[in-house]
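Read through the structure below, which is laid out as structure tokens, and then see the notes.
Every number in this text was worked out from the coordinates using simple rules, so none of it is lab data. Worth saying up front: this structure is predicted, and the values here are computed from it rather than measured. Note that we place each Cβ from the backbone using ideal geometry, even for glycine, and neighbour counts take in every protein chain shown.
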Amino acid sequence: MTNHIIETVIFKLAHGISKADFLEAVPSSTAFMKSRSGFVCRRLSSSEDGTWIEHIEWKTMEDAKAASDAFMNDAEILPFLQLIDGPAAVLHHTQLEVSLG
């Protein structure tokens, strides 16, 4: 069995974007992810200092990388991406070792 891949993105919202504005845009980006091969689940969390952490679980590294490339180049996702401070965002792909339900 191949371990799933966790895509972690740490980011802050763009200047002037509220938490409510961002959360309103999340469903459209989730729909895009759900349409991609290998999507398992997505979680978004935020801290009081405005840091957001996104965890997306993919079946394979190939699925994760293909989705990430498509996400960054999809014109329909651009409004969502503009809500994020893109230059400060950090993305990691790691292999899932332990998952407890």
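The residues Leu83, Leu23, when put in order of fewest to most other Cβ atoms within 10 Å, stand as Leu23, Leu83.
Panel note: the C-alpha atoms of the chain, placed on their principal axes, show extents of 45, 30, 23 Å (largest first).
Could you tell me the relative contact order of the chain? Use alpha-carbon pairs under 8 Å, at least six residues apart, and round to a whole percent.
Values: 149 pairs, mean separation 48.4, N = 101.
Dividing the mean separation by the residue count of the chain yields 48 percent.
In a reduced charge model with +1 at each Lys and Arg Cβ and -1 at each Asp and Glu Cβ, the chain shows a dipole moment near 180 debye about its Cα centre.
Neighbour counts of other C-beta atoms within 10 Å: give me Asp21, Asp49 arranged from fewest to most.
By the 10 Å Cβ count, ascending: Asp49, Asp21.
Relative to the longest principal axis of the Cα atoms of the chain, the long axis of helix 61-72 makes an angle of roughly 20 degrees. Extension gain, Asp74 to Thr51, is 5.8 nm, computed as 0.36 nm per intervening residue step minus the present C-alpha separation.
The angle between the Cα long axis of helix 19-34 and the main principal axis of the chain comes to about 30°, on a 0 to 90 degree scale. A Förster distance of 22 Å, applied to the separation of the beta-carbon atoms of Lys12 and His92, puts the FRET efficiency at 0.85.
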